[in-house]
Structure formats: structure tokens, C-alpha cells
Amino acid sequence: MTVLEAYTETAQQAFSFEGGHAAVKRCQTCKATRTLAEFAPHNASRDGRRAHCKECCLTERYRPYIEGPEQRARRARRECRPEWRRGHRRAVERYAARYPMATNATKALRRALQSGRLAKADHCQVEGCASRHAIEGHHWSYAPENWLDVLWCCAAHHRQGHAQGFIVPAAGISAHYGTIPERS
Ligand SMILES: [Zn+2]
Ligand SMILES: [Zn+2]
Ligand SMILES: [Zn+2]
């Protein structure tokens, strides 16, 4: 096999598609090419998976970067730039095109909160959590009749719930509120 043939074969593997997404990708930490199943689900990324493989996350080979005041200030400056804002707007549009129902649910909830028609709970409604910080509404269903019917939880529990596929609501709150619906 020539070098070119070997290269072409690798490139074809790297770009083999499954359901519209590359079936394999390269881990940003260990640099190994792995199947998508080897990356934890992550809603914020375009292919729905983390950039760092499960093995790197579990063994702490990948250490999440924690922002200090200096980095935060630098990020604030970066996010003011027109090219950042353009890119961000495109990402938001891509998300809305891909998940119209989830987007409409979020918009309806935001409007209701802004107009004062609805108020957030004052603390996280996840079992064992009393956080009053960064409370968000979690939709157990994206059907229009449920757009304002949410579980209130802190941002950390919200993200964790979507990543693990379920949320356990506190005692006295119906368990169905912990459902993670298919994004649509
Ligand atoms: Zn890795
Ligand atoms: Zn949610
Ligand atoms: Zn919480």
C-alpha cells in the first residue's frame, strides 16, 4: 500500500457517516480516533458528544478548565467582538433549526418569566439540593401545553440531568417532572 492509499483509507474512515454525523472522531485530549459511543453525550456540541473521550474524563487525564477572574474578563472581551457574535448567532440559529419545539418551549418560558406571568421557585427542586443560584426551568415535555410547566433546578443539576438522561425531583414533586424529553 502506498502512503497515499493508506492516507486515503484513514481519511475515509474518519469521514464515514452514520445518521448525518461522523461515526468516529478524535479525542481532544488523548488524540486517539474513537467511535462516537466512546464520547459522553453533550447537548451543546454540534455532534451531540463531548470533545474529550469518556476514558480521558474518567481517568482525569482531561481536567476541565476552571475560569479565573482574568480569563473571565478576557472571555467577556472576546465575546464582544463582531466575529464572535456572528458565530454565536449562527450556532443559535442552527440549534433552533434542528430543535424547533425545544426552542419554542424555552422562548415561551422566557417570555412568561419576563412578563411576570410566571415566577421561578426560589430554590432547586432536585432531590437533596437547596441551591438558590442560577435557577432554570427544565421541560419534561416540549408539547405546547407544557411549555410553562417546568421543574425548577439549578444550572448544575439541569446540565447533569440532561447528560445522565434523568432528574430525580425532591419529595412531593411528581417524578414525571424529571423526564428528559427527546429534543425536537
Ligand atoms: Zn481521550
Ligand atoms: Zn431541561
Ligand atoms: Zn440543584
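The values are calculated or read from the model by the stated rules, or taken from the named source; none is laboratory data. Everything quoted here is computed from the prediction, not taken from an experiment. Positions of Cβ are backbone-derived with ideal geometry, glycine not excepted, and every protein chain shown enters the neighbour counts.
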_Breaking point among (1) under 26 Å from E182 (Cα atoms); (2) modelled with pLDDT of 95 or more, for K54_ = (2)
*asked:* Any residue that is under 16 Å from the mean Cα position of the chain (by Cα) and hydrophobic (A, V, I, L, M, F, W, C) - is there at least one of those in the range 120-127?
replied: no
_Residues satisfying the stated conditions in the range 34-46, i.e. more than 15 Å from A163 (Cβ to Cβ) and in contact with a helix residue (DSSP H, G or I) (Cβ under 8 Å, 6 or more places away or on another chain)_ = E38, R46
_Restricting to the range 36-48, name every residue that is over 21 Å from H158 (Cβ atoms) and within 12 Å of ligand 1 (Cβ to nearest atom)._
E38
_Leading residue by the ranking (modelled with the lowest pLDDT) among those in the range 157-184 that are in a strand (DSSP E or B) and more than 13 Å from Y142 (Cα to Cα)_ = F166
*Within the range 84-119, work out how many residues are within 22 Å of the chain's Cα centre (by Cα) and either basic (K, R) or exposed (fewer than 13 other Cβ atoms within 10 Å of the Cβ) (or both).*
15
*Only one residue in G172, G178, G161 is farther than 13 Å from T106 by Cβ, surrounded by fewer than 12 Cβ atoms within 10 Å (Cβ to Cβ) and either within 16 Å of ligand 1 (Cβ to nearest atom) or of a type outside the set (V, I, T) (or both), so which one is that?*
G172
*Could you say whether any residue in the range 106-118 is within 12 Å of ligand 2 (Cβ to nearest atom), in a helix (DSSP H, G or I) and either modelled with pLDDT of 95 or more or among the aromatic types (F, W, Y) (or both)?*
yes
_Residue pairs meeting the criteria (Cβ under 8 Å; at least 6 apart or on separate chains; first of a type in the set (S, T, N, Q), in the range 43-70; second assigned to a loop (DSSP other than H, G, I, E, B))_ = N43/R183; S45/A51
*Might you let me know whether the range 7-19 holds any residue that is loosely packed, with under 13 Cβ neighbours inside 10 Å, at pLDDT below 50 and in a strand (DSSP E or B)?*
yes
_Every residue in the range 136-158 that is crowded, with 18+ Cβ neighbours inside 10 Å and more than 11 Å from ligand 2 (Cβ to nearest atom), please._
W147, C154
*In the range 77-105, which residue that is part of a helix (DSSP H, G or I) and among the aromatic types (F, W, Y) is farthest from G48 (Cα to Cα)?*
W84
*Within the range 126-140, identify whether any single residue is polar (S, T, N, Q) and at pLDDT 95 or above, and answer yes or no.*
no
_the range 49-62, residues that are under 23 Å from H158 (Cβ atoms) and either out of contact with any Phe, Trp or Tyr (no Cβ under 9 Å at 6 or more places or on another chain) or not in a loop (DSSP other than H, G, I, E, B) (or both)_ = R49, K54, C57, L58, Y62
*asked:* Please go through the range 122-151 and give me each residue that is in contact with a Lys or Arg (Cβ under 8 Å, 6 or more places away or on another chain), assigned to a loop (DSSP other than H, G, I, E, B) and within 13 Å of ligand 3 (Cβ to nearest atom), ordered by number.
replied: D122, H123, C124
